[in-house]
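*Asks:* Following this message is one structure expressed as C-alpha cells.
Nothing in this text is a laboratory measurement; each read-out follows from the coordinates by a stated rule. Since this is a predicted model, take the numbers as computed values, not measurements. Every residue, glycine as well, gets a Cβ built from its backbone with ideal geometry; the counts of neighbours run over all protein chains shown.
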Amino acid sequence: MDCLFCKIVAGEIPAAVLAQDTGWLAFEDIDPKAPVHVLVVPKRHLADVGELGSDPQAAAAVLAGVGAVARQLGLTAYRTVFNTGAEAGQSVFHAHAHVLSGRNLTWPPG
Ligand code: AMP
Ligand code: ZN
C-alpha cells in the first residue's frame with residue numbers, strides 16, 4: 001500500500017522517532033505547528049480516527065502513545081488533535097494523533 005506513515009512504521013522512510021511500543025510509533029512532525037509537535041500513529045494501517053475507533057486495541061495503543069510522549073517530554077499541557085477528512089485538514093490517510101505543546105493552545109482561540 002502506498003501510505004507514507006506505513007512506510008515510516010516499516011522504516012522505509014526516515015523519521016525522527018521519539019518512542020514506540022508494539023502498537024504505536026511516535027515521531028516528530030516534519031513541519032511543526034508548535035514548539036512541540038509529535039505524531040502518534042497506530043502501527044496497523046487505519047485510515048482515520050473513525051477506523052481507529054473500530055479497533056479498540058489500536059485505539060488504546062495510540063492513546064497510550066500520547067501519554068508516553070507527554071511523560072517523556074515532561075509536558076504538563078498539550079493538545080491532542082485528530083483531523084478527519086481533507087476538508088478538516090487531513091492530508092495523510094493513516095490515522096494519527098497530533099500532540100501539540102509549547103505555545104498557547106486553548107480552544108476556542110481568543
Ligand atoms: P494531517 O494534515 O492531519 O493529515 O497531518 C499530517 C501531518 O504529517 C502534517 O502535520 C505534516 O506536516 C506531517 N508530515 C508529512 N510528511 C511527514 C514526514 N515525512 N515525516 C513527519 N511528518 C510528516
Ligand atoms: Zn498506513
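*Asks:* Using modelled amide H (1.01 Å from N, peptide plane; none on Pro or chain starts), what sits under 5 Å from the amide H of LYS43, excluding residues fewer than 5 places away?
*Replies:* HN-HN under 5 Å from LYS43: TRP24, LEU25.
*Asks:* Also, I was wondering about something else. Fewest Cβ neighbours within 10 Å first, please rank TRP107, TRP24 accordingly.
*Replies:* TRP107, TRP24
*Asks:* Same structure again: Please give the peptides 93-99, 74-80 ranked by average Cβ packing (other Cβ atoms within 10 Å per residue), highest first, as a rough proxy for protection.
*Replies:* The densest-packed peptide leads the list: 93-99, 74-80.
*Asks:* Read phi for every residue in segment 87-98 and hand back ³J(HN,Hα) as whole Hz from Karplus 6.51 cos²θ - 1.76 cosθ + 1.60, θ = phi - 60°, with x for Gly and Pro.
*Replies:* 5, 9, x, 6, 10, 10, 9, 10, 3, 7, 8, 7
*Asks:* Still on this structure: Subtracting the Cα-Cα distance from 0.36 nm times the residue separation, let me have the gained length for LYS33 to ASN104 in nm, one decimal.
*Replies:* Extra length from LYS33 to ASN104 when fully extended: 24.4 nm.
*Asks:* Additional query: Please find the FRET efficiency linking HIS45 to GLU87, where r is the Cβ-Cβ separation and R0 is fixed at 22 Å, and quote it to the nearest 0.05.
*Replies:* About 0.50, to the nearest 0.05.
*Asks:* Can you list residues whose amide H is under 5 Å from LEU18's amide H, if they're 5+ apart or on another chain and H is modeled 1.01 Å from N?
*Replies:* Here the answer is ALA26, PHE27, GLU28, since their amide H atoms fall under 5 Å of that of LEU18.
*Asks:* Over the chain, what lengths in whole Å, largest first, do the semi-axes of the equivalent ellipsoid take, defined as the square roots of 5 times the eigenvalues of the alpha-carbon gyration tensor?
*Replies:* Sorted largest first and rounded, they come to 21, 16, 14 Å.
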